[in-house]
Every structure is written in C-alpha cells, then in structure tokens.
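Let me begin by presenting the structure, written as structure tokens, before commenting on it.
Every read-out reported here was derived from the displayed coordinates using simple, explicitly stated rules and does not represent laboratory data. Computed from a predicted model, the values in this text were never measured in an experiment. Cβ coordinates were reconstructed from backbone atoms using ideal geometry, including for glycine residues, and neighbour counts include every protein chain displayed.
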Amino acid sequence: MTSTFSDIRILDFSRDIPGMYASLLMSDMGAEVIKIEPLGGDPLRSDPNYRFYNRGKKSVCLDLSSDKEMQNLHSLIKSSDVIVTTWLLSEAKSTFLDYESLSKINPSILHCSIPPYGDVGPMADIPGDEGTVGTYAGIHEGQGGETGTPLYVQLPFPTYGTAFTASLAVSAALFERETSGLGQKIEVPLYAGSTAMQATGLISGEKVITPARRRGPGPSTGLPVYRLYKCSDDWIFVACGNNVFWNKLCIALECFDLLEDVRFLEAPWNIPSEHWSDLAEILEPIFASNSREHWLNILRENDVPCAPAETREWFSQHPQVIYNEMLQKIEDPELGLTTQVSPPLKFSVSKSPKPGPARYPGEDNFLFTTCIPKESTPLGKISRHPLDGIKVVDLTGYIAGAYGTTLLADLGADVLKIESFAGDGFRQNGAAFQGWNQGKRGMILNLKDPKGLDIFHQLVREADVVAENYRGGIAENLGVDYESLRKVNPKIIYSTVNGYGLTGPFSEYPAFDPLIQAQGGAMKDQGGSGDPVFLRIAASDYSSAILSAYGIVSALYYRSRHNEGQHVEISLVNAAFAYQAAEYFNYPNKPTKPRLSSVGQSVDYRLYKAEDGWFFLSCKEDIEWNKMCHAVGMSGLAIHNKESRAENQDVLNQKLESLFISDQVSVWINIFRKSGVKCATNKSLRAIHDDPQAHSLGLITENDSYNLGRIKLQGLPFRFSRTPGKLDLPAPDHGEHTDQVLGELGFLEENIVTLRTARIVG
C-alpha cells in the first residue's frame, strides 16, 4: 500500500529540532528524508534525542566549502522536492542555500525556512532557540499569569507548534505544486509556531472582555468549573466545557441548589470573577472528602468530563493508549531497544510505514550517484492561495476541530461551518470563538431531519473535505460518518478529531484539553516534585487542530496523485504523544530530565530577574558560556565547562542572579546581542500586538466581528512567497450565510422560507 508522501524527497539541513521534527512528521508518512550533515556528523548527535528526531531518515555528510561536494549537493537538490533549513537568512545566503539560489538549481523546489524570528523584519538576523523565542512570545509569562513572575514551561511548545505548522505548510505547497509545477519559499519561524499554540490569547478589542484568571503556579487556581481539585488521596481535573456538563456536575455532586444560584447562572465560562472563590469554597471540600477513584467513578457515571492527574509512566499503560498503539519498539544500533512515539495521524488508505532507526553519519553518501533530476516544467494553473478551489464542509466545534479548519481557510479553502440551532458550544466564549472560526462561512442546518440531511448530502457531493469532532458514535447516529458519506462522494477526504479515538475502551468518554494534559503527564511534569500545574496553553487542542489540518492537506495531496479519498483521524490522546514526543522517547539508562526550580533547566538556560523585569539567557554550549562570561565582565566563570557548571550550579546561579538584578533588562539584552549570546526579553502574549517583528511577519490581523466590533487576532502563522494565505472573512454569525449557501445549491427564496419555517435551516 502506497504511503502519503512515498514519491517525495526531502533534504533536511536542520540544525535545530523544529526542522528535524517537521521533516520527521513527513518521513513518518513515507517521504524519503535525507539528513545533510557536516563531515563527522551533526554535533547534535551527542544528544540521544537526535536518534528519535532523525529516525527513518538517510544520512549524507558533506563539506560545503568544497566545490566538488557542492556539485554533489546540487545533484541532490535537482532530485529533491523539499528543502528544510533552520538557518538565519544571512547564513543561508553565505552558503548559497537561500531560496533564490536553490530555485536556480531546481525551479520546482520548495524551500521551508524555519528561522528563530523570521527572514524579514528587524529581528531577522537575531539568533534564537526554544527558550529565548518562547520567552519573547509570552509562553512563560502566560504560565505565570498575574503573579508578575514568569514560570518556565517545561514542555517545548514553540518547537512542537512550529514543527506541526511547518509540516502543514509544506504539504499545502506540495498540493499546490501539483497544478502549477512551480516551487516557492515557505517560511515558518519559531516565533510564528509559538503564537500558533496560543492563538486565541491574542484576541483583543474594545468590546473584548479579557477573561479574569486567578492564575499562578498553584494547581487550585482558575475558573472553578475548569481546574484541578485535590481529593483525599490525589488530584483530579474537572472540565465542564459547556453548560450541559455544568448541569451534569451539579447533579453528580448532588448540589442542585447551584443550578439556581444567581452567582453562577452564567456558568461555565461567564461566572463573574468575584464569585470564583465562592464556588471554589463549595466544591473543594466536597472533592477533599473522598478518594480520587470515588469521584472519577461518580463523575463518569454522570458523563462529567474528568481525569486523574498522572505521570507519563502511568499513561503509557492506559488502555486507550495501548489500543491506539501510540508507542512502538525500535531497535537502535547505538541506544539499544528504544520506545518511541508512533505517528499520531491515522489514514485509512495511505498507511504510514514502520520507521527504522537513525542512520550512521554519511551512511547514504552513495546517493550522489543515483540522483535523477525532478521535472521542472510549469504546468500552467497558477493559484492565488495554496488551497484555492478546495471546499470544506465543517461540522467541528470547540478548539481541536474548529482551529484546524480555520487553518484550512487561512490556506485559501472555502470553509462552510455547519451548526445546529443550538450552535457551537463555544459561542458563549465569544472572543475565543472568533479566533477559532475566522475565515469561514456559517450555516444552520438540522441534520436530524431527513430534508436537512439531504441538503447536507448535496453539499458533500460538491465538497473535497468533511471535518468533524463528535464524540464516538454521534456521527454514525446522525448518518454523517465516513462510511455513509463516502457513498455520497467516494473521493471525499473525511477528517475526525476526537478525544480518545473512534473505537476503544475510552472512545465514548467526553474529553477536553486539560483532561489529556492531566493524564498524559504534562501537569505533573510542570509541577515537578510538588503539586501538578495546569498548563495554560491548550496543548492537546492546538496540536490536534494543526495536525488535523496537516492530515487533511496531506490526504488532498495523495488524492491528487492517486485519485482516492480517505478517512484521516487524530485524537487528543495521540496529539499528547506528538507534543511530548521526546519526553516519551525511552532507552536503556535514560537520564533524568534536568530541572531548575521554576526558572529553567540549568544556570546557562533559564530566566533571570533584572532590575525592571525578566529575561531569558541561553548559552548551553561552552563557547556560548565563555562569550557570556566575558560580555558581563565575569571572565573567571569561563573556566566552568558544561560538567563543571552542573556541579557548581547553586554557586553560579547566585553570582549571576546578584549581577543581573543590578541593571535593567534592556542593558543586558544589548550586551548579550553585541556578543552574539542568545537572549530575549520576557514578554506577555498581548505584547505581540505592538511588536514590529510580529507585524513584519503578519502574525497580527484585524477584522470587523459580528458581535465585538473591530478586533485584533492571530494572522497567518506561515508565509508563502508565491501563493500567500488569505484572511478575508471574520468568524460567521450563527447562520449568517445560510441563504447564500442554499442559493448556490439552487434553492429559490420561497423554498428557503419554507425550510426555515420548518426549522430545517436557520
């Protein structure tokens, strides 16, 4: 059986994990990925995680200073489809590996550039990494919240978000190239990937009410219907994501009076912040009165979304994880028998091949002699956007489903959001709804009525994609599941996003992002040896959404080559493994993950407090540490190599903390940047609104919403040189485009009136 990208060759020049992981996601779907390394191998090979991020890839070692070696490289470039780099633009130009140079060698090449801050703008030449860019993008400030102190986020969300977004962008460019025959540059900075994992946090406007959050590092903070609770023996997360689940919680706890309490009538999302503590004081002693297992049983019996806060080791043995086959054994020649995360996306037709281990440096240098140049003749059809002409029927709601189809709209697809008369459960969360649904048209359609289902089938016949994120069994009950719709349109791409999976022991359980965070180990990991911590980034939701979009576009590419539709599935459970891939990577004698309180991983990779705020310092390599020491006038500390820094961490932390508190953030940033040391000012996510670099990249856009006036929200997290994305529509009002869509199907005005009177449409 042919894999999704079995005809694609990718050259991976990445020196950083976002690029390696992006190409891995495509390797896992059948692409031939060739890792281009310097003579002697990539320096990152010293990190065992390298073996995971480069599994299944081939290895070629080159001396780019040699004319002969460059000729060999050009042969590879001529035979390839995609090149992935993580360089600064100035570095790429210095080696003639920028897009302009590459396109002269192969006009059909797609060049995916993943720089720290972007290839354009005032920060284009500033080096950066996970820690510094994440700090600049508000990752740590957002976790610390209103405490005024940032909290270092243990999981590398910028890296993962960027890798997911880059794989989506590359697959979209490949799809577009099928009709144009032309290459282009794709740019997905680490900065953009950081915002993609926090999209709705950017929304602001005069009428936008910023949700009140009693935020901080402790577990018992936040909205009382959506937070951690301590039971008599351990922690549980309760997630009432809509008013239906709030009602079920009150019934399950036999707190019937809460349903009539005027303080909580706007539950779950709009409880006034002054009443949060009132509700918490009612619920906390209830949960503390009995064991976690007791409350899990009661809540699950009443269909209340809940989950235990557990470790990754516990989750590895979860019945649904085993059922989903999310962990696999791979024998590695250097590490021995390893446990690695399986590809998160499931395809019904284009199955993923079983990956092999990472190769030895230069193991595939023979490929120079077998290169066959790719066809580079333009095919004629020039698109305005990568997904021009693609029609998506969108049955999704909340974040995991809806944000994925928004990304398809960003890429140029015509996305039609189908809602019931009740509407998307997150319309109550007005501002966030805008961010998860911008770029779409909206229609009210009663799928439970045969006439409504008939209209839906008419839409499906003309569509390319149907996307849904129902709980297990609901799509089948409505008759809108894949097996039903493939009879209507055999070439349909059908996307499912769900909590646990379509089948399996937990398939019918309700799921929200923090429930998967809790079970998957992210909360206990963030808490370290203390209490679990609720991560304020909806990691499971955003990862599922971006990966679902990637899966859909990849399936569109496969259909363009093989003329077959198929079913693509991603679950929040599988996504939890995707955004913790390195954390779940296990091998004999794996060391414990380094941790330094709440400010970072080590003395050379952490947040520091200055006189007027915080900044992040990254100088993990000895040469970088030496630069930093000399730059701040503490040359004596340069004697400490990596091992010595670890042994003397307490003393070194104290010395640097005493130094940095003595002056302002801007002073230290200027000193470090002049010396080539990676650093970044700690900022809030909202600061992106006024950031010149963000505006250079188009990370912020504005539109006129249907209910909140003029608002600012996330722009495009990717840039295409030839087929840019589009931001032409705000999120739709409930049923805003019903008449328009019915008119396109040929319904006359009097027919529409009859359908509306019968409550078939709205």
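Here are the numbers for the structure shown:
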item: Under Karplus coefficients 6.51, -1.76 and 1.60, residue-wise ³J(HN,Hα) of the range 261-269 in Hz, glycine/proline x; result: 5, 4, 5, 10, 5, 9, 5, x, 7
item: Charge dipole of the chain about the Cα centre (unit charges at C-beta), most positive-ward option of 223, 306, 23; result: 23
item: Charge context of residue 734, other residues only, Cβ under 11 angstrom, K/R +1, D/E -1; result: -2
item: About the Cα centre, charge dipole magnitude for the chain (Lys/Arg +1, Asp/Glu -1 at Cβ), debye; result: 1200 debye
item: Computed FRET value (nearest 0.05) for residue 263 with residue 661, which takes r as the C-beta separation and R₀ as 45 Å; result: 0.55
item: Of all DSSP beta bridges in the chain, antiparallel share, percent nearest 5; result: 50 percent
item: Cut-off 13 Å between beta-carbons: net charge of the residues surrounding residue 137, Lys and Arg +1, Asp and Glu -1; result: -2
item: The range 706-720 - phi-based ³J(HN,Hα) in whole Hz, Karplus 6.51/-1.76/1.60, Gly and Pro as x; result: 6, 9, 10, x, 6, 10, 9, 7, 4, x, 9, x, 9, 10, 10
item: Zone of residue 461's modelled label, taken as backbone nitrogen in the range 468-489 under 12 Å from a point 7 Å along Cα→Cβ; result: 488-489
item: Cut-off 13 Å between beta-carbons: net charge of the residues surrounding residue 494, Lys and Arg +1, Asp and Glu -1; result: -3
item: Spacing of the two label points (7 Å from each Cα toward its C-beta) at residue 71 and residue 178, in nm; result: 3.8 nm
item: Burial ordering of 410, 28, fewest other beta-carbon atoms within 10 Å first; result: 28, 410
item: Distance in nm between pseudo-label sites at residue 291 and residue 654 (7 Å out along the Cβ direction from Cα); result: 4.6 nm
item: Charge dipole magnitude, Cβ of K and R +1, D and E -1 - the range 242-304, Cα centre, debye nearest 20; result: 240 debye
item: Exposure proxy ranking, count of Cβ atoms within 10 Å, fewest first, for 9, 461; result: 461, 9
item: Residues in the range 666-687 reached by a label modelled at residue 204 [backbone nitrogen below 17 Å; 7 Å Cα→Cβ]; result: 682-687
item: Debye, to nearest 20: dipole size of the range 600-685, +1 on Lys, Arg Cβ, -1 on Asp, Glu Cβ; result: 280 debye
item: Helical segments meeting 27 Å axial Cα length and Kyte-Doolittle -0.5 threshold in the chain (DSSP H); result: 157-180, 539-562
item: Proxy reagent accessibility, fewest Cβ within 10 Å first, across 91, 100; result: 100, 91
